[in-house]
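Engineer: Okay, handing you the structure first.
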Amino acid sequence: MNEVQTLQLVGQLMAISARTAPKAGGKDFLELKILTGEELKRLADAMVAYGREANKKNFDRDGENVRNSGAVLLLALKGAQKVALDCGACGADRCAELSDPRSGPEFAGPLCAWRLIDFGIAIGSAVKTASILNVDNRIMYRIGVVARKQGLIEGEIVVGIPLSATGKNIYFDR
């Protein structure tokens, strides 16, 4: 097994951790996908281009991190139903008043706050698995923006977690 295959396996284990993370009412609205090889290079190129076109900082830097990674795990929240607690955390007084997500410049919203909490727990579970396996990683919103725009994964909100196994963590020591 080569390094890319190993990182792809780690991504699969991370995806299992995300999938089995606790979720409100036991409802799962996660979409998961692992990118390697040419898909990573296309994503990296698209990230650099988006940063230039949108005049947004650090898409180029994070794009180069993707280019130098062995794999990327994409996580998306797709079609998340309201939890029906009428708690107001989303900004609406009652769940029935929460409007359907509409597309914003990078993601879609509004979303039920409890579904976003579920998403965060799933992301945390995934990176915990990478950490246990000593694989360098970092949660990156910029990956999610471009992966969503490129149609690599569907969902209202997307994040990417690049994976690397080198002598120096490329995601923090930049």
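What follows is calculated from the coordinates using simple rules that are stated; it is not laboratory data. Remember, it's a predicted structure, so these values are computed and weren't measured experimentally. Here Cβ is always computed from backbone atoms with ideal geometry, including for glycine, and neighbour counts include all displayed protein chains.
Engineer: Compare the Cα positions of SER125, ASN68, ILE161 along the charge dipole of the chain (+1 at Cβ of Lys, Arg; -1 at Cβ of Asp, Glu; about the Cα centre) and return the one farthest towards the positive end.
Structural biologist: ASN68
Engineer: Over its Cα atoms, what ratio of radius of gyration to 2.2 N^0.38 Å does the stretch 1-71 give?
Structural biologist: Working it through for the stretch 1-71, the quotient is 1.37.
Engineer: Would you work out the relative contact order for the chain, in percent, from Cα pairs under 8 angstrom that are 6 or more residues apart?
Structural biologist: That works out to 30 percent.
Engineer: Here's another thing I want to ask about it. What's the center-to-center distance, using Cα atoms, between the stretch 9-83 and the stretch 101-116 in Å?
Structural biologist: The stretch 9-83 and the stretch 101-116 have Cα centres spaced 17 Å from each other.
Engineer: Let me ask another. How would LYS23, LYS57 line up from fewest to most surrounding beta-carbon atoms within 10 angstrom?
Structural biologist: Values: LYS23 20, LYS57 10.
Ordered by Cβ neighbours within 10 Å, fewest first: LYS57, LYS23.
Engineer: In debye to the nearest 20, how big a dipole does the chain give about its Cα centre with +1 on each Lys and Arg Cβ and -1 on each Asp and Glu Cβ?
Structural biologist: 160
Engineer: Do the sum for the chain: with -39,500 (n - 2.57) for every DSSP H run of n ≥ 4, divided by all residues, what is the mean residue ellipticity at 222 nm, to the nearest 500 deg cm²/dmol?
Structural biologist: Result for the chain, helices only: -14000 deg cm²/dmol.
Engineer: Quote to one decimal, in nm, the extra length available between THR6 and ILE121 on full extension: 0.36 nm per residue of separation minus the C-alpha distance between them. Mind showing how you got there, number by number?
Structural biologist: Working: separation 115, 0.36 × 115 = 41.40 nm, distance 2.43 nm.
My answer for the length gained is 39.0 nm.
Engineer: Taking other Cβ within 10 Å of each residue's Cβ, how do ASP136, ASP62 sort, fewest first?
Structural biologist: Listed from fewest to most nearby Cβ atoms, that is ASP136, ASP62.
Engineer: Can you check how the C-alpha radius of gyration of the chain compares to 2.2 N^0.38 Å, as a plain ratio?
Structural biologist: For the chain, the normalised Cα radius of gyration comes out at 1.06.
Engineer: Considering amide H positions built from the backbone, and no H for Pro or chain starts, which residues 5 or more places from GLY109, or on another chain, come under 5 Å of its amide H?
Structural biologist: ARG102, GLY104
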